[in-house]
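Undergrad: This is the structure, below, for whatever I ask next.
Readers should treat all values here as calculations from the given coordinates under stated rules, not as data from a laboratory. The structure presented is a predicted model; accordingly, all values stated were derived computationally and were not measured. Glycine gets a Cβ as well: all are built from the backbone with ideal geometry, and neighbour counts include every protein chain shown.
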Amino acid sequence: MTRPPTHSPTHSPTQPATDSSAVIAETRAWVDRAVIGLNLCPFAKAPQAKGLVRYAVSTATDPAALLADLIAELERLAEAPAERIETTLLIHPQVLTDFADYNDFLAVAEDTVAELDLEGVLQVASFHPDFQFEGTTPDDVTNATNRSPYPTLHLIREHSIDRAVAAFPEAEAIYEVNMATLETLGAERWAALQQQCRDDAAAAGPVPVPSPPPPS
């Protein structure tokens, strides 16, 4: 459905952010305005509206600490009923801000899912401020389909994907539709949408920060 990301670094790393409440507010605004607003994921609206998306902020400053948080969040999602947590966005603003490093970590994330015996149960999708698909240039606006305010690991239930595909028979076409959507939107309007997300976050004020996962 998607082209693989490239390993080449793109823009300069994002500035680290330590205010978890602000990080969640901006990420939530991005989900509302970009992911749902532009219909980049037809399956995202329902869990967002029902409050079933867990927004977890990792304070990790190195990959080892992030891996520990990832393991805890994978285990939390696997153990929780879907009626309580449908999916998790693990946001890590202080580590893997360079896209090449982030991209390398995705292999670690996939191996971790396997080591936890969660293959076929959960998978990890990728979002990053400097996300770049293989074969594109850094300023190609189509990269924005996977560009989030902060480096983020999206933990998804496999059964949710199966259910969504069953409800949306042409799921394979989503990628092509998203490319066309961003090309029509253009870089200037994408930048304006990003600013709207920041404005929304500022206007929202403090938002509840989920409790950290228990030690694994």
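Undergrad: Any residue at all in the range 81-89 that's closer than 27 Å to V57 by Cα, of a type in the set (D, E, K, R) and touching a helix residue (DSSP H, G or I) at 6+ places or on another chain (Cβ under 8 Å)?
TA: The answer is yes; a qualifying residue exists.
Undergrad: Would you confirm whether any residue within the range 118-128 is farther than 16 Å from P151 by Cβ and aromatic (F, W, Y)?
TA: Checking the range 118-128: not a single residue is farther than 16 Å from P151 by Cβ and aromatic (F, W, Y).
Undergrad: If you don't mind, there's one more thing I want to ask. Somewhere in the range 98-119, is a residue charged (D, E, K, R) and buried (at least 19 other Cβ atoms within 10 Å of the Cβ)?
TA: no
Undergrad: Restricting to the range 170-199, count the residues that are within 19 Å of V23 (Cα to Cα) and among the hydrophobic types (A, V, I, L, M, F, W, C).
TA: Total meeting the criteria: 4.
Undergrad: Restricting attention to the range 80-97, which residues are surrounded by fewer than 18 Cβ atoms within 10 Å (Cβ to Cβ) and closer than 20 Å to N143 by Cα?
TA: Within the range 80-97, no residue meets the criteria.
Undergrad: Sticking with this one: Kindly indicate the residue of the range 147-168 that is crowded, with 21+ Cβ neighbours inside 10 Å and polar (S, T, N, Q) and also nearest to T184 (Cα to Cα) among those meeting that condition.
TA: Of everything passing the filter in the range 147-168, S148 is nearest to T184 (Cα to Cα).
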